[in-house]
Amino acid sequence: AITVDPTTQGAKIDDTMYGVFFEDINRAADGGLYAELVQNRSFEYSTADNSSYTPLTSWAVDGTAKAVNDDGRLNARNRTYLALGADSSVTNSGYNTGIRVERGKRYDFSVWARADQGTRLAVSLTDADATLAEARRITVRGGWAKYTAHFTATRSSTTGRLTVATGGPAALDMVSLFPRDTFKGRENGLRKDLAEKIAALDPGFVRFPGGCLVNTGSMQDYSEASGWERKRSYQWKDTIGPVEQRATNSNFWGYNQSYGLGYYEYFQFSEDVGAMPLPVVPALVTGCGQNKATDDDALLKRHIQDTLDLIEFAGGPVTSEWGRKRALMGHPKPFRLTHIAVGNEENLPNEFFARFQQFRAAIEARYPDITVVSNSGPDDAGATFDTAWKLNREANVDMVDEHYYNNPSWFLQNNDRYDSYDRNGPKVFLGEYASWGNAFKNALSEAAFMTGLERNADVVKLASYAPLLANEDYVQWQPDMIWFNNRASWGSANYETQKLFMTNVGDRVVPSTATGTPSTTAPISGAVGLSTWATTAAYDDVQVTSADGQTLLSDDFSGDASQWNHTGGGNWSVQDGQYVQTDVAAENTMVSAGDPAWHDYDLKVKATKKSGK
Ligand code: AHR
């Protein structure tokens, strides 16, 4: 029975309570939310990003074409261009099965080109069957300039190809094709169906751009001085201004990101969906298992200044240096920036905190109204997590970002997680969470857990499921909330749970009590998951098997973790009499290793109770 007391007022629930976390993982940006249809448009893919890449990845050449990186380039940060020989052509195959066009719709083509004498380019859209639109002709003359044309598709296709052919020699860069029909009709805009699915969630905030994407790699900038560093942290200044002047980056998830979807576009998107933007900046300590602290004080100071500049870019007047850049990009009015997060999943709490404090002091001195969000490291990091929380509490930090990914039973068992959090301590930003799977049981366990978040809305101020998007042909991480390919997109069961909560945010918690509810204690045999533990004292002969019967763990449990064996890797240990998995990075490896047993966390633990216990 449930007893509701409508006369007592519980915690206030903020409109911003539920949001989304967008990270460029699973090709969520290029080939995903960013509507560009040409893959590798600026020939910047490199084997340094991914061993299968070359500057001509996704391009097919007929005749002669060479990727060139010399002083004749389009600009300093867009290093490589294509030298196309006379009577030659290049054809781009887009993402997934190809370029998708819809009959009757308009597509905008553009290219930066240079040719010594008047050279005719023929641009065509075709698939294996025939043409998809009337071909266009462009005459290129002189130094680098942007040329445009548009197509109206005469047929629909999901296997389109874009071909640029030339009569005489020509240099090409930034070969681009955009649907005119982007979300809210924005130029350099977003893929409509995906953006609409996100908008339908009515998100209170958008956390971006990562994730591990932000806080790993070198903290150097993309310049000659840093040796044109390719694997570097996500730095917002790389991502603004005219797209042809933006750097590209080899991202944490193993592919090249164009930064066509950059900070201006993130702010614009947040505004378009009525959400508060919540950027994450690198903290000069690499998280996500890399665990390296940067001791370069000048570099730290530069990143702190970059963060101050970011706040000015978002909200400064048009007369300010960075506010002016925003205005030039088309948004003289400030964006509504109230929160900024420093760092992501820090495994070195002391090193992180020393740097975080410097970021916080500088931001608060200049922008006292901005909430600076700190970080706890991943929840399953044990002692590290506790140390981080202690440091955050002692320093009266406003808000701490927590992350966890667990099996559904964990979410059922931990509904009360925040009931015991200190009401006077830092508030919680649950920046990433998900149960391991996109099945109905996962969505249901998350819904049950979210009732606990909401009941504790005085402590948990912001929460976002993660990750948000996955292109089904380029998956690094699952589960994910919204799935897509070049033809369609679809929400998971977990998406429906999020939508239910996000579009029905209450004003206040109405206190209630329940009796006769089922126990949430994990049964020692039955469906349990990876973080399930058995007490050393009480059990013997413990076996953990996956749903398909594979034995993952078995031992006559003696309390010595080294005696445990398991498939798939991962660090397991015994702590305080509990058997726990401790290494989230190894767990990630198991997920991406493609072993189906690890995608179905419906594990079974069998244990024999010690006699007399
Ligand atoms: O959401 C996917 C990844 O999970 C994020 O990049 C990282 O913060 C976490 O480990």
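Can you find, within segment 303-337, the residue that is surrounded by the most Cβ atoms within 10 Å (Cβ to Cβ) among those that are of a type in the set (Lys, Arg) and touching a residue at least 12 places away in the same chain (Cβ under 8 Å)? Here the residue is 326.
Filtered by the rule that a residue be part of a loop (DSSP other than H, G, I, E, B) and in contact with a Phe, Trp or Tyr (Cβ under 6 Å, 6 or more places away or on another chain), segment 249-282 gives 260, 261, 275. Counting only residues that are within 16 Å of the ligand (Cβ to nearest atom) and of a type outside the set (Val, Ile, Thr), segment 209-231 holds 8 of them.
Quick one: which residue in 154, 163 is away from the ligand (no atom under 16 Å from the Cβ), assigned to a loop (DSSP other than H, G, I, E, B) and within 19 Å of residue 134 (Cα to Cα)?
After applying the criteria, what remains is 154.
Within the option set 187, 244, being away from the ligand (no atom under 16 Å from the Cβ) and in a helix (DSSP H, G or I) holds for one residue only, 244. Considering the conditions (1) of a type in the set (Lys, Arg); (2) within 16 Å of the ligand (Cβ to nearest atom); (3) in a helix (DSSP H, G or I), residue 197 is excluded by exactly one of them, (2). In summary, helices (runs of 4 or more DSSP H) completely within segment 377-496 and bearing 1 or more residues that are modelled with pLDDT of 95 or more and surrounded by fewer than 20 Cβ atoms within 10 Å (Cβ to Cβ) occur at 383-394, 440-455. Comparison of 415, 396, 424 shows that the only residue that is touching a helix residue (DSSP H, G or I) at 6+ places or on another chain (Cβ under 6 Å), more than 16 Å from the ligand (Cβ to nearest atom) and not hydrophobic (A, V, I, L, M, F, W, C) is 415.
Sub-6 Å Cβ pairs linking a first residue in segment 1-18 that is touching a residue at least 60 places away in the same chain (Cβ under 8 Å) to a second residue that is of a type in the set (Phe, Trp, Tyr) and in a strand (DSSP E or B), at least 6 apart or interchain, are 16/205, ordered by first then second residue. Restricting attention to segment 274-301, which residues are within 16 Å of the ligand (Cβ to nearest atom) and in contact (Cβ under 8 Å) with a residue 60 or more places away in the chain? Matches in segment 274-301: 278, 279, 280, 281, 282, 283, 285, 286, 287, 288, 289, 290. If you go through segment 55-106 and keep only what is of a type in the set (Lys, Arg) and more than 27 Å from residue 158 (Cβ to Cβ), you end up with 66, 73, 77, 79. Annotation note: of 354, 327, the sole residue that is farther than 25 Å from residue 300 by Cβ and away from the ligand (no atom under 16 Å from the Cβ) is 327.
Would it be correct to say that residue 361 is more than 16 Å from the ligand (Cβ to nearest atom), without any contact (Cβ under 8 Å) to a residue 24 or more places away in the chain and farther than 15 Å from residue 397 by Cβ? No. On the basis of being within 16 Å of the ligand (Cβ to nearest atom), at pLDDT 95 or above and closer than 28 Å to residue 213 by Cβ, does residue 67 make the cut? For residue 67, the condition - within 16 Å of the ligand (Cβ to nearest atom), at pLDDT 95 or above and closer than 28 Å to residue 213 by Cβ - is not met. None of 314, 362, 327 is touching a Leu at 6+ places or on another chain (Cβ under 6 Å) and either closer than 23 Å to residue 432 by Cβ or part of a helix (DSSP H, G or I) (or both) except 314.
The values are calculated or read from the model by the stated rules, or taken from the named source; none is laboratory data. This is a predicted model, so every value here is computed, not measured. Positions of Cβ are backbone-derived with ideal geometry, glycine not excepted, and every protein chain shown enters the neighbour counts.
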